[in-house]
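What follows draws every value from the coordinates through simple rules; no lab data is involved. Since the structure is predicted, the reported quantities are computational estimates derived from the model, not experimental observations. With ideal geometry, Cβ positions are generated from the backbone for all residues, glycine too; neighbour counts draw on all protein chains shown.
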Amino acid sequence: MDFVAGKVALVTGGAGGIGLAIVKSLLQHGAKGIGIVDISDEAGRKAMEIVGKNKVTFIKADVTKKAELEGAFETTIQAYKQLDIVINNAGVVDEHGWKNAIDLNLVAVVEGTYLGMQKYLPKYRAGEEGLIINTASVCGFQAFQIAPVYCATKHALIGLGKALGGDEFYKRYKVRVITICPGLVRTAMSQDSSGFLFPEVKDEEFGSVWSIAQDPKRIGEGLIEAIKKGKNGSLWVIEEDEPAHEVVVPEHRTMKV
């Protein structure tokens, strides 16, 4: 049976872009209910118009504020009486307000991961296993001068997912952790140059990557593949309209030059 069928999910940053594509994909695969968490009322309203109110609850929250994030967990559980999947997807490119970027891209993800793993999924999941998925990026494997802090946060999420995907965490909590790493996606965030440094060299640094930018729908589809096949602690790249595939970071002693 599809892991998603009959399950309840919470998706941060779920009202647009990659997050909304993830919500659509979960619904297509039989999700029982989804808490869409987003800071924007307008985006939430539009998302509800797109996916409909059946099986979906919009929760306005600033996930960088722990009380609001935890409130989103509580609201989702009140609505559906269970919680099985937590997807920490909210993120931003904000190289000028880089502390905000760290708070949203990293700190809020750590908070959401620990809340899900330690507090909510063990108590409210319907099956034997809970699932946490964190959205990193291929920028977590390489560096771009126009977005150093964004790259740093995505590198951090890869390390977080590998560490929390260890056996000791699984024995204690029975929660599988998967990290998805999309390539460039055609969203409002990626098209807006204001958050980057040196916007005049954006096209030059990204180079041919622009020609293979993906529709957000591909990330929703790839996420389902990662859920079906991904082992605990695994990293999944989704790019170039190819099927999602697992990648392995080499052990450092094999990387000498």
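Per-structure values
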| read-out | value |
| --- | --- |
| Kirkwood hydrodynamic radius over Cα pairs of the chain, then Stokes diffusion coefficient at 10 °C and 1.306 mPa s, in µm²/s | 87 |
| Potential lengthening between Asp215 and Glu240 on full extension [0.36 nm per residue; Cα-Cα distance subtracted] | 8.0 nm |
| Cα shape, the stretch 56-123, gyration tensor, a/c 1.5 rule | prolate |
| Highest-MSF residue in the chain out of Gln82, Gln118, Gln28 [GNM, Cα springs under 10 Å] | Gln28 |
| Antiparallel bridge percentage (DSSP; both residues within the stretch 8-254; nearest 5) | 10 |
| Spin-label pair His252/Met48, simplified geometry with 7 Å Cα→Cβ offset, distance in nm | 4.9 |
| Per-residue HN-Hα couplings for the stretch 97-104 [Karplus 6.51, -1.76, 1.60; θ = phi - 60°; Hz; x = Gly/Pro] | x, 5, 5, 4, 4, 5, 4, 7 |
| Restraint check, Lys24/Lys154; Lys24/Lys53; Lys123/Lys174; Lys171/Lys229, Cα-Cα greater than 22 Å | Lys24/Lys154 |
| Axial C-alpha extent at least 18 Å, average Kyte-Doolittle at least 0.5 - helices from the chain (DSSP) | 148-164 |
| Residues of type lysines that Lys65 reaches as a straight line, Cα spacing below 16 Å, ignoring anything fewer than 8 places off in the same chain | Lys99 |
| Exposed-site-free run, longest, the chain (rule: GluC sites (Glu not before Pro); DSSP loop; at most 15 other C-beta within 10 Å) | 1-127 |
| Stretchable slack from Phe141 to Lys99, in nm (0.36 nm times residue separation minus alpha-carbon distance) | 13.0 nm |
| Three-way shape label, the stretch 6-81, alpha-carbon gyration tensor, a/c 1.5 | oblate |
| Fluctuation leader among Arg218, Arg186, Arg176 - the chain, Gaussian network, Cα springs under 10 angstrom | Arg186 |
| For the chain, built as a Gaussian network whose Cα springs stay under 10 Å, the top-fluctuating residue of Lys53, Lys65, Lys32 | Lys53 |
| The chain: relative contact order in percent, alpha carbon pairs under 8 Å with at least 6 residues between | 18 |
